[in-house]
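Q: The structure under discussion is supplied below as structure tokens; questions concerning it will follow.
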Amino acid sequence: MKPLSIGIILGSTRQGRVSPQVGNWVKEIADRRRDANYEIVDITDFQLPFFGEGTGKEPGLIAWSEKLSNLDGFIFIVQEYNHSITGALKNALDSARDEWNNKAAGIVSYGSTGGARAAEHLRGILGELLVADVRAHPTFSLFTDFENFKTFKPAELHVDKINIMLDQLIAWSGALKTLR
């Protein structure tokens with residue numbers, strides 16, 4: 001059987017963002033497991049138009065659709081802005097529909113409260129897109145897991161939390177693949 005393909009989606013396009021640091025750290029842990037193929041998916045690379053604008057045939061939209069279609073599951077790297085996810089991530093979620101269906105997702109969040117409020121908003125959106133989010137949810141505090149709010153320096157205890165989330169994500173992604 002072909003290995004599962006899991007996309008680690010960076011949920012921020014903001015200048016000075018730290019999501020690449022978090023995403024790369026998660027990928028390093030995931031790659032050690034050798035239970036799936038993991039890749040960073042940076043929404044900035046797709047230059048998505050605002051949902052509902054344009055022709056729907058923009059190269060970024062087509063590439064986004066193809067990328068999502070080729071993934072079996074997702075890990076969302078989510079930062080909390082104003083108690084929610086970023087507008088860029090919401091736009092990226094809305095810019096596809098069927099490509100999300102019957103897949104699983106893990107959420108890794110960060111912010112002043114660990115990004116918990118953003119993750120809860122994301123869970124509601126994922127439900128509407130027929131994405132099954134797993135229960136395990138690693139969170140990172142801007143105060144204790146980042147140096148000067150800019151350099152990601154997680155405590156070692158987070159590795160176990162990531163692996164628990166990955167265990168659940170791989171199980172659900174494999175099960176849901178049978179529905180597609």
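The values are calculated or read from the model by the stated rules, or taken from the named source; none is laboratory data. Note that this is a predicted model, so its numbers are computed, not measured. Cβ: placed from backbone, ideal geometry, glycine included. Neighbour counts: every protein chain shown. Side chains are part of the model used for accessible areas, which takes the heavy atoms of the whole protein and leaves out ligands, DNA and RNA. Shrake-Rupley method; radii C 1.70, N 1.55, O 1.52, S 1.80 Å.
Q: Looking only at segment 1-53, which residues are acidic (Asp, Glu) and more than 19 Å from TRP64 (Cβ to Cβ)?
A: Filtering segment 1-53 down to residues acidic (Asp, Glu) leaves 28, 31, 35, 39, 42, 45, 53.
Within segment 1-53, GLU28, ASP31, ASP35 qualify.
Q: Let me ask another. Name every residue in segment 126-152 that is open to solvent by 50 Å² or more (accessible area, probe 1.4 Å), of a type in the set (Val, Ile, Thr) and outside any strand (DSSP E or B), in order of residue number.
A: If the condition is that a residue be open to solvent by 50 Å² or more (accessible area, probe 1.4 Å), of a type in the set (Val, Ile, Thr) and outside any strand (DSSP E or B), then THR144 is the only one that fits.
Q: Same structure, new question: Considering only segment 152-180, how many residues are in contact with a Lys or Arg (Cβ under 7 Å, 6 or more places away or on another chain) and farther than 18 Å from GLY73 by Cα? Can you show your working first?
A: Of the residues in segment 152-180, the ones in contact with a Lys or Arg (Cβ under 7 Å, 6 or more places away or on another chain) are 166, 168, 173, 176.
Now drop any that are not farther than 18 Å from GLY73 by Cα, which leaves none.
Within segment 152-180, residues that are in contact with a Lys or Arg (Cβ under 7 Å, 6 or more places away or on another chain) and farther than 18 Å from GLY73 by Cα number 0.
Q: Does at least one position in segment 152-169 carry a residue that is under 19 Å from ASP35 (Cα atoms), of a type in the set (Phe, Trp, Tyr) and more than 13 Å from the chain's Cα centre (by Cα)?
A: In the first step, residues of segment 152-169 are kept if they are under 19 Å from ASP35 (Cα atoms); the result is 159-169.
Those left that are additionally of a type in the set (Phe, Trp, Tyr): none.
Looking for residues that are under 19 Å from ASP35 (Cα atoms), of a type in the set (Phe, Trp, Tyr) and more than 13 Å from the chain's Cα centre (by Cα), one finds none in segment 152-169, hence no.
Q: GLY174 - would you say it is out of contact with any strand residue (DSSP E or B) (no Cβ under 8 Å at 6 or more places or on another chain), in contact (Cβ under 8 Å) with a residue 40 or more places away in the chain and at negative phi?
A: On the way: out of contact with any strand residue (DSSP E or B) (no Cβ under 8 Å at 6 or more places or on another chain): yes; in contact (Cβ under 8 Å) with a residue 40 or more places away in the chain: yes; at negative phi: yes.
Yes; evaluated as a whole, the condition is true for this residue.
Q: Looking only at segment 153-178, filter to residues that are within 15 Å of VAL26 (Cα to Cα) and among the basic types (Lys, Arg); which one of those is surrounded by the most Cβ atoms within 10 Å (Cβ to Cβ)?
A: Taking the candidates together, the pick is LYS161.
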